[in-house]
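Peer 1: Let me give you the structure first, and then I'll get to my questions.
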Amino acid sequence: MKKALLAIFMLCLLFSLGCKQEKQNLNDDGIIKIGFIPETMTVERWQRDRDIFVAKAKELGAEVIVKNAYEDSELQIKIAKDMIYQGVDVLAIVAYDKDSLEETVKYAHDHDVKVIAYDRMIRNANVDLYITFDNFKVGELIGQSVINHVPEGDYLILNGSETDNNAFMFNEGYMSKIQPLIDSGKINVVGETWIEAWRDEVSYEFVDEKIADNHTFDAVVAANDRVAEGAITALTENRMADGIYVTGQDAELAACQRIVEGIQDMTVYKPIYVLAEGAAEMAVKLAIGEDIGPCNTIFDGKYDIEYIAYEPIGVTVENLVDTVINDGFYTLEQVYANIPNSLWPK
């Protein structure tokens, strides 16, 4: 009887040990395995990042697992832990919520997995690398453009999502240009808000409500192209689009089309291939323990972390061909699809 009880005890112990969620060494065959977790895949921007990142990593001999977080913090955390269990060497995460991943990064480090904060900072987490564009500079380009064209008048400011640390950096950038004119009385801010999850329908509702309350404005400082799209839709429906300067960011195809049509005035082009390929190269280096080279540092709220930032480019109708089209980001045919062929640039 004692022997039978001992056998049952040992069997239970074996099963309990087998259920422990440790990182599996599924990549002992020498293949570098990288997990890429975008916050969403409904945005054109992240689809481009994914494709370039995966292609470059593959070129460097790495395998990439991609999982969509569907704008859900809990799902993003679950995906990260699942990928760690599957044996990834590195996680590259586009954080949906800047404040939700601190424990996830610690969990990754406890399992010898490196973490890259891709494009968006993960706060208070001590990631191994934060790689992005110069987000303050993005904001400066937006701010400088709008004050150059509308140095006096009424402004509506549409910031990005409060869960995205970049939105605060963009705000700091454009307000560094706009605030002195507010202080001097030349610019009056008739409304300002933060757009949940960068959704165009949220910016549409805010602008539409402002118009319904009889507000008028000379410029809309929109923190990205989706936010700009919602604002422009509201302005157009209320027959107010003419003469109002509208900014944006990300150089989405629809935004570039609006710029050549004269509906949107500027965007900020961030050469995605530079970021995506750079991040893939850094991920491979981190995976094999190679030095990633000299980096700047940035404070994440608790730690000074390694930081690489690439240069963004302000785009208007004047330089759109020389930037997004000549870079091959879009073709002339794509951007000018809604313009008569006789009016295309030669």
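Coordinate-derived values only; no laboratory data. Quantities reported herein were computed from a predicted structural model and do not represent experimental measurements. Positions of Cβ are generated from backbone atoms using ideal geometry, with glycine treated the same way; all protein chains shown enter the neighbour counts.
Peer 1: Ordered by residue, what ³J(HN,Hα) values in Hz, to whole numbers, does the stretch 180-189 give under the Karplus form 6.51 cos²θ - 1.76 cosθ + 1.60, where θ = phi - 60° and Gly and Pro are x?
Peer 2: Working through the residues one at a time gives x, 7, 5, 5, 7, x, 6, 10, 10, 8 Hz.
Peer 1: Packing-wise, with mean Cβ within 10 Å as the measure, how do 308-317, 48-57, 113-122 rank, highest first?
Peer 2: The peptides rank, most packed first, as 113-122, 48-57, 308-317.
Peer 1: Averaged over all directions, how much area does the convex hull of the C-alpha atoms of the stretch 166-247 cover when projected, in nm²?
Peer 2: On the way: hull surface 21.1 nm².
In nm², the orientation-averaged hull projection of the stretch 166-247 is 5.3.
Peer 1: Next up: Pick out which of Ile288, Ile305, Ile34 has the largest mean-square fluctuation in a Gaussian network model of the chain, springs linking Cα atoms closer than 10 Å.
Peer 2: Ile288
Peer 1: Rg and Dmax of the stretch 107-188, using alpha carbons, in Å: what are they?
Peer 2: 16.9, 55
Peer 1: What FRET efficiency comes out for Asp322 versus Asp82 if R0 is 51 angstrom and r is the Cβ-Cβ distance? Round to the nearest 0.05.
Peer 2: On the way: r = 44 Å, r/R0 = 0.86.
Once rounded, the FRET efficiency stands at 0.70.
Peer 1: So for each of 82-94, 170-182 I average, over its residues, the number of other beta carbons within 10 Å; can you give me the resulting order with the highest mean first?
Peer 2: Ranking the peptides 82-94, 170-182 by packing returns 82-94, 170-182.
Peer 1: Using the Kirkwood radius built from alpha carbon pairs, what does the Stokes-Einstein equation give as D for the stretch 23-148 at 10 °C and 1.306 mPa s, in µm² per second?
Peer 2: After rounding, the answer is 104 µm²/s.
Peer 1: Just want the answer: with Cβ charges of +1 for Lys and Arg and -1 for Asp and Glu, which residue in Ile325, Val284, Phe299 is farthest toward the dipole's positive end in the stretch 277-338?
Peer 2: It is Phe299.
Peer 1: Go through the stretch 60-157 and name the GluC sites (Glu not before Pro) that are in a DSSP coil and have 15 or fewer other Cβ atoms within 10 Å of their Cβ.
Peer 2: Glu152
Peer 1: Considering only Asp134, Asp225, Asp110, give the residue with the highest GNM mean-square fluctuation for the chain, with springs between Cα atoms whenever their separation is below 10 Å.
Peer 2: In the Gaussian network model the winner is Asp110.
Peer 1: Stokes-Einstein at 20 °C, 1.002 mPa s, Kirkwood radius from Cα pairs: D for the stretch 69-122 in µm² s⁻¹?
Peer 2: On the way: Rh = 10.9 Å.
It comes out at roughly 197 µm²/s.
Peer 1: Taking 0.36 nm per intervening residue step and subtracting the Cα-Cα distance, what contour gain separates Glu59 from Val189 on full extension?
Peer 2: Length gained between Glu59 and Val189: 41.9 nm.
Peer 1: How long is the gain from Lys106 to Cys295 if the chain were fully straight, where each residue apart is worth 0.36 nm and the alpha carbon distance is subtracted? Mind showing how you got there, number by number?
Peer 2: Working: separation 189, 0.36 × 189 = 68.04 nm, distance 2.19 nm.
Stretched out fully, the Lys106 to Cys295 stretch lengthens by 65.8 nm.
Peer 1: Here's something else I'd like to know. Along the Cα→Cβ direction, 7 angstrom out, place labels at Asp51 and Arg199. What is the inter-label distance in nm?
Peer 2: Placing both labels 7 Å beyond Cα along the Cβ direction yields 2.7 nm.
Peer 1: Moving to a separate point now. Cα centroids of the stretch 83-145 and the stretch 252-312: how far apart, whole angstrom?
Peer 2: So the separation of the two Cα centres works out to 12 Å.
Peer 1: I would also like to ask the following. With Rg and the Kirkwood Rh both taken from Cα atoms, where does Rg over Rh land for the chain? Mind showing how you got there, number by number?
Peer 2: Values: Rg = 23.6 Å, Rh = 21.8 Å.
Ratio value, two decimals: 1.08.
Peer 1: With the Cα gyration tensor of the stretch 207-346 in hand, give its eigenvalues times 5 under a square root as the equivalent ellipsoid semi-axes, listed largest first in whole angstrom. Working shown, then result.
Peer 2: Details: eigenvalues 251, 99, 22 Å².
Taking √(5λ) for each eigenvalue gives 35, 22, 10 Å, largest first.
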